[in-house]
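Here's the structure, in structure tokens; my notes come after.
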Amino acid sequence: MTGLVEHGQLFIGGELTDPVGKDVIEVISPHTEEVIGRVPHACREDVDGAVAVARRAFDEGPWPRATLEERIEVVNRIKDGIAARHEEIARVISSENGSPYSWSVLAQALGAMMVWDAAIKVAQGYPHEERRDGVLGPILVRREPVGVVAAVVPWNVPQFVAAAKLAPALLAGCTVVLKPSPESPLDAYLLGEIARDAGLPEGVLSILPAGREVSEYLVGHPGVDKVSFTGSVAAGKRVMEVAARHLTRVTLELGGKSAAVVLPDADVQAAVSGIVPAAWMNNGQACVAQTRILVPRTRYDEYADAFAAAASALKVGDPLDPATQVGPLVARRQQQRNLDYIRIGQEEGAKVLTGGGRPAGLERGWYVEPTLFGDVHNSMRIAREEIFGPVICLLPYGDEQEALKIANDSDYGLSGSVWTADVEHGIEVARQVRTGTYSVNTFSLDMLGPFGGYKNSGLGREFGPEGYGEYLEHKMIHLPAGA
């Protein structure tokens, strides 16, 4: 992305509309620390207008009343539009949040396209209406769209998370007010253009970049029927509290402190090559990142050397350079947060095996070296709190039961992995770890299965039939005997 990008209007109900207020969001490059974009900061009155448009489109418009096939046609065109512009989308997101361009192409853009495609497959096979034999006679069970959806997405994977919410909501027949983060609003304008060109009817989608205060107003709005939120645990608790005033349904996808468990029989190179990209992906700014690496105490030195060597070899630099593997963090506050945790880890007695500060030669930009801590105990703050950056912990364990205890000793339960020569035994380990997503000898996130967390990692599910069902109400219709 080159030059200053400026948008003077908001995308409301499919049309570019003048904002009510005069506040502006400045988008700052995490690489150059310079302003690269400006967009309007939506205010409460803009929210009122967008919700009113969405309400009218749901109550009176054609979208909820269209056939599933008609909705799929439009959503297919959105998916194709993302595919056609995936390189542009990747460049914009890398410029906004520092995500390495090579990763942005695969995960931020093409990954989002895959989410849209998977949602279509799920909707096509979903039982929207079925007859059952009831206790008192035949019944008809229908699944109907929940209504107006407020979708609040974060800055780390904005298009991917937007797709996780928008695709099932739109296919279900809902209307949506999308609230992108103030750190990454520019790519949302590309999505608005794609949705408009795909033929999404008037009122079905609005996009309102804004900060926390306006977000809170949106999720507490009486015209909203469903809130889907991705973000921090603290913000998720507040969303749930505010939405409860109107008994608004919520889905919360929150934080993680996931453990990669390396069993004694694992191949060292296979484990290291699989875990390193899963730990430092997106500069460590991923809720599913494998931030606690558990290794056998008997082979600790071997693994410490191997992981430290792999982490120190990661190329740090300009996120738009295709060779970059770790870019800058999204904001100065995130950089300082990571540096503070590095200091805390050392004060707690952990040992920096590699990294530990700003990269040499990168005095400008919000960079932090890929950092690996050794000699970490699970009671330390760096092992318990979500750092959200390139700071990873290596923890030794004695036997498998201790490894399982450490993996489960967390306020979070979002992701995790196990690495072993015995896949069947790996599955047994997976069954004992309390997380919503788990991988054996790999790390992946499949859009046809349910994604979400245990404990403080969230409420409800995204992806798969389970995620699609979050945007549907269930209705029972009693029928006369013989019907």
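The values are calculated or read from the model by the stated rules, or taken from the named source; none is laboratory data. Bear in mind that the values here come from a model prediction, so they are computed numbers and not experimental data. When we count neighbours, we look across all protein chains shown, and the Cβ atoms used for this are built from the backbone with ideal geometry, even at glycine.
Among the residues of region 385-425, which ones are of a type in the set (D, E, K, R) and either within 20 Å of the chain's Cα centre (by Cα) or outside the structural domain of ASP265 (by TED's automatic domain parsing) (or both)? It would help to see each step written out before you state the result.
Going residue by residue through region 385-425, those that are of a type in the set (D, E, K, R) are 385-386, 399-400, 402, 405, 409, 411, 422, 424.
Once the filter is applied, which keeps residues that are of a type in the set (D, E, K, R) and either within 20 Å of the chain's Cα centre (by Cα) or outside the structural domain of ASP265 (by TED's automatic domain parsing) (or both), region 385-425 yields GLU385, GLU386, ASP411.
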Report summary line: Within region 384-420, residues buried (at least 24 other Cβ atoms within 10 Å of the Cβ) and in a helix (DSSP H, G or I) come out as ALA403, ALA407
Requested in this report: Output the residues belonging to region 335-382 that are of a type in the set (Val, Ile, Thr) and assigned to a helix (DSSP H, G or I).
Outcome: ILE342, ILE344, ILE382
Report summary line: Of the residues in region 279-291 that are in contact with a strand residue (DSSP E or B) (Cβ under 7 Å, 6 or more places away or on another chain) and not in a loop (DSSP other than H, G, I, E, B), the one that is surrounded by the fewest Cβ atoms within 10 Å (Cβ to Cβ) is GLY284
**Report entry** Positions within region 228-251 being in a helix (DSSP H, G or I) and in contact (Cβ under 8 Å) with a residue 60 or more places away in the chain, in sequence order
**Finding:** VAL233, GLY236, VAL239, MET240
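When you go through THR248, THR230 one by one, which is the residue that is over 18 Å from ILE382 (Cα atoms), under 16 Å from the mean Cα position of the chain (by Cα), not assigned by TED's automatic domain parsing to the domain that holds LEU404 and not aromatic (Phe, Trp, Tyr)?
Working: THR248 fails: under 16 Å from the mean Cα position of the chain (by Cα).
After ruling out the rest, the residue left standing is THR230.
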Query raised in the report: When region 446-469 is examined, which residues are found to be of a type in the set (A, V, I, L, M) and over 15 Å from TRP116 (Cβ atoms)?
Result: LEU459
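Looking at TYR367, TYR341, can you tell me which residue is buried (at least 20 other Cβ atoms within 10 Å of the Cβ), over 30 Å from GLU402 (Cβ atoms) and free of Cβ contacts under 8 Å to residues at least 60 places away in the same chain?
Testing whether each residue is buried (at least 20 other Cβ atoms within 10 Å of the Cβ), over 30 Å from GLU402 (Cβ atoms) and free of Cβ contacts under 8 Å to residues at least 60 places away in the same chain leaves just TYR367.
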Query raised in the report: So which of ALA107, ALA57, ALA52 ends up being of a type outside the set (Ser, Thr, Tyr) and touching a strand residue (DSSP E or B) at 6+ places or on another chain (Cβ under 7 Å)?
Result: ALA57
Report task. Report yes if some residue within region 54-70 is surrounded by fewer than 14 Cβ atoms within 10 Å (Cβ to Cβ), over 24 Å from PRO168 (Cβ atoms) and among the polar types (S, T, N, Q); otherwise report no. Result -> no
Query raised in the report: Does SER273 satisfy the condition of being polar (S, T, N, Q) and assigned by TED's automatic domain parsing to the domain that holds GLY467?
Result: no
Query raised in the report: Out of the residues in region 428-453 that are out of contact with any Phe, Trp or Tyr (no Cβ under 8 Å at 6 or more places or on another chain) and of a type outside the set (Val, Ile, Thr), which is nearest to GLY125 (Cα to Cα)?
Result: GLY452
Report summary line: Of the conditions (1) farther than 27 Å from SER102 by Cα; (2) out of contact with any Leu (no Cβ under 7 Å at 6 or more places or on another chain); (3) crowded, with 19+ Cβ neighbours inside 10 Å, the single one that LEU294 does not satisfy is (2)
**Report entry** Selected residue (only one of THR291, THR354, THR324 is among the polar types (S, T, N, Q), under 23 Å from ALA260 (Cα atoms) and in contact with a Lys or Arg (Cβ under 7 Å, 6 or more places away or on another chain))
**Finding:** THR291
Query raised in the report: Does GLY357 meet the test of being buried (at least 19 other Cβ atoms within 10 Å of the Cβ), under 30 Å from PRO182 (Cβ atoms) and under 28 Å from the mean Cα position of the chain (by Cα)?
Result: no
Query - In region 180-225, the residues that are surrounded by fewer than 21 Cβ atoms within 10 Å (Cβ to Cβ), within 18 Å of the chain's Cα centre (by Cα) and assigned to a helix (DSSP H, G or I) - result: ARG212
Query raised in the report: Only one of these conditions is not met by ALA172: (1) under 20 Å from the mean Cα position of the chain (by Cα); (2) crowded, with 23+ Cβ neighbours inside 10 Å; (3) of a type in the set (Gly, Ala, Ser). Which number is it?
Result: (1)
Requested in this report: Specify which of the listed residues (GLY398, GLY356, GLY327) is modelled with pLDDT of 95 or more and on the phi > 0 side of the Ramachandran plot.
Outcome: GLY356
